[in-house]
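Enquirer: Structure in structure tokens, see below.
The values are calculated or read from the model by the stated rules, or taken from the named source; none is laboratory data. This one's a predicted model, so the numbers in the text were calculated from it and none came from an experiment. Cβ atoms come from the backbone with ideal geometry, glycine included; neighbour counts cover every protein chain shown.
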Amino acid sequence: MNNLLIEQICVTGTIGCGKSRVARFLAAHCHLPYIDVDEVAREIMEPGRAGVQALKRYNPNFLSADGSLNRSLLRREIFNCQEVKAAVDTLLHPLIQTALMKQVQGLHSKAVIEIPLLYETGWDSLFKTIIVVYAKKETCLERIMVRDQVTLEDAEKAYSKQMDMELKKNRALFVIDNDGEWSVTVKNIEKVASRLAMR
């Protein structure tokens with residue numbers, strides 16, 4: 001598994017930094033497939049799929065009467081109890097990795113893979129090319145409030161759940177600054193793309 005993933009290009013960052021927009025643009029610019037690990041996770045959580053079945057065995061209350069995932073309950077339990085979060089992560093992460101591998105195996109080129117919680121989950125050991133999308137905390141909080149229509153307090157809570165941005169920057173192979181105008185970010189992406197082409 002690791003040998004196939006290690007050659008891929010991984011994009012990560014902190015909530016509100018704009019990593020999805022950067023990852024999609026980078027993939028299009030480099031003519032590479034784009035994979036969103038959050039989407040991979042959502043797929044295995046569809047009724048009858050492996051993720052839902054694993055959660056049903058762990059706690060049947062996480063499923064609604066129709067067999068679909070009770071996302072609000074799951075989010076609440078994970079947010080409020082570290083033990084539940086650890087148990088759910090242990091159940092789901094291998095399933096997500098397996099589903100991701102199936103997508104990668106079907107490709108004829110490298111891919112740009114967006115993994116929001118790369119460092120938090122310990123998945124950084126699976127990749128040698130890691131790009132961190134950077135934005136200052138204030139910028140991230142503003143974007144979270146606008147995107148999710150939440151208060152500053154709620155944005156702060158979401159932001160504080162993730163690893164410090166500076167730590168992520170220090171562990172990345174490349175950093176793309178996305179704190180200002182998008183036109184400047186595009187130039188930063190193009191510079192990284194040029195360096196990737198030389199690798």
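Enquirer: Looking at the range 51-79, which of its residues are within 27 Å of ASP124 (Cβ to Cβ) and more than 20 Å from the chain's Cα centre (by Cα)?
Expert: ALA54, LEU55, TYR58, GLU77
Enquirer: Please give the number of the condition PRO116 fails out of (1) more than 14 Å from the chain's Cα centre (by Cα); (2) more than 17 Å from GLU7 (Cα to Cα); (3) crowded, with 18+ Cβ neighbours inside 10 Å.
Expert: (1)
Enquirer: Could you please find all residues in the range 47-70 being in contact (Cβ under 8 Å) with a residue 12 or more places away in the chain and either closer than 27 Å to THR12 by Cα or among the aliphatic types (A, V, I, L, M) (or both)?
Expert: Scanning the range 47-70 gives ALA50, GLY51, VAL52, ALA54, LEU55, LEU69.
Enquirer: So how many residues does the range 172-199 have that are in a helix (DSSP H, G or I) and either among the acidic types (Asp, Glu) or in contact with a Ser or Thr (Cβ under 8 Å, 6 or more places away or on another chain) (or both)?
Expert: So in the range 172-199, the residues in a helix (DSSP H, G or I) come out as 182-197.
Of the ones still in play, those that are also either among the acidic types (Asp, Glu) or in contact with a Ser or Thr (Cβ under 8 Å, 6 or more places away or on another chain) (or both) are 190, 196.
The number of residues fulfilling the criteria is 2.
Enquirer: I'd like the full set of residues that are among the small types (Gly, Ala, Ser) and more than 12 Å from ASP36 (Cα to Cα), limited to the range 82-119.
Expert: First pass over the range 82-119, keeping only residues among the small types (Gly, Ala, Ser): 86-87, 99, 106, 109, 111.
Those that are among the small types (Gly, Ala, Ser) and more than 12 Å from ASP36 (Cα to Cα): ALA86, ALA87, GLY106, SER109.
Enquirer: Right, another one. When you scan the range 152-171, how many residues do you find that are over 18 Å from GLY16 (Cα atoms) and either in a loop (DSSP other than H, G, I, E, B) or touching a helix residue (DSSP H, G or I) at 6+ places or on another chain (Cβ under 7 Å) (or both)? Steps first, answer last, please.
Expert: Quick first cut of the range 152-171, residues over 18 Å from GLY16 (Cα atoms) only: 170-171.
Those left that are additionally either in a loop (DSSP other than H, G, I, E, B) or touching a helix residue (DSSP H, G or I) at 6+ places or on another chain (Cβ under 7 Å) (or both): 171.
Counting residues in the range 152-171 that are over 18 Å from GLY16 (Cα atoms) and either in a loop (DSSP other than H, G, I, E, B) or touching a helix residue (DSSP H, G or I) at 6+ places or on another chain (Cβ under 7 Å) (or both) gives 1.
Listed here are the residues, each with its yes/no results for (1) in contact with a Phe, Trp or Tyr (Cβ under 6 Å, 6 or more places away or on another chain); (2) of a type in the set (Phe, Trp, Tyr); (3) over 26 Å from LYS102 (Cα atoms); (4) modelled with pLDDT under 90.
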| position | (1), (2), (3), (4) |
| --- | --- |
| GLY48 | no, no, no, yes |
| ALA54 | no, no, no, no |
| ASN59 | no, no, yes, no |
| PHE62 | no, yes, yes, no |
| ASP66 | no, no, yes, yes |
| ARG71 | no, no, no, yes |
| ILE78 | no, no, yes, yes |
| VAL84 | no, no, yes, no |
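Enquirer: Considering SER125, SER72, SER64, which residue is in the same structural domain as VAL175 (by TED's automatic domain parsing) and on the phi < 0 side of the Ramachandran plot? Walk me through it before giving the result.
Expert: Working: SER72 fails: in the same structural domain as VAL175 (by TED's automatic domain parsing); SER64 fails: in the same structural domain as VAL175 (by TED's automatic domain parsing).
Matching residue, one of SER125, SER72, SER64: SER125.
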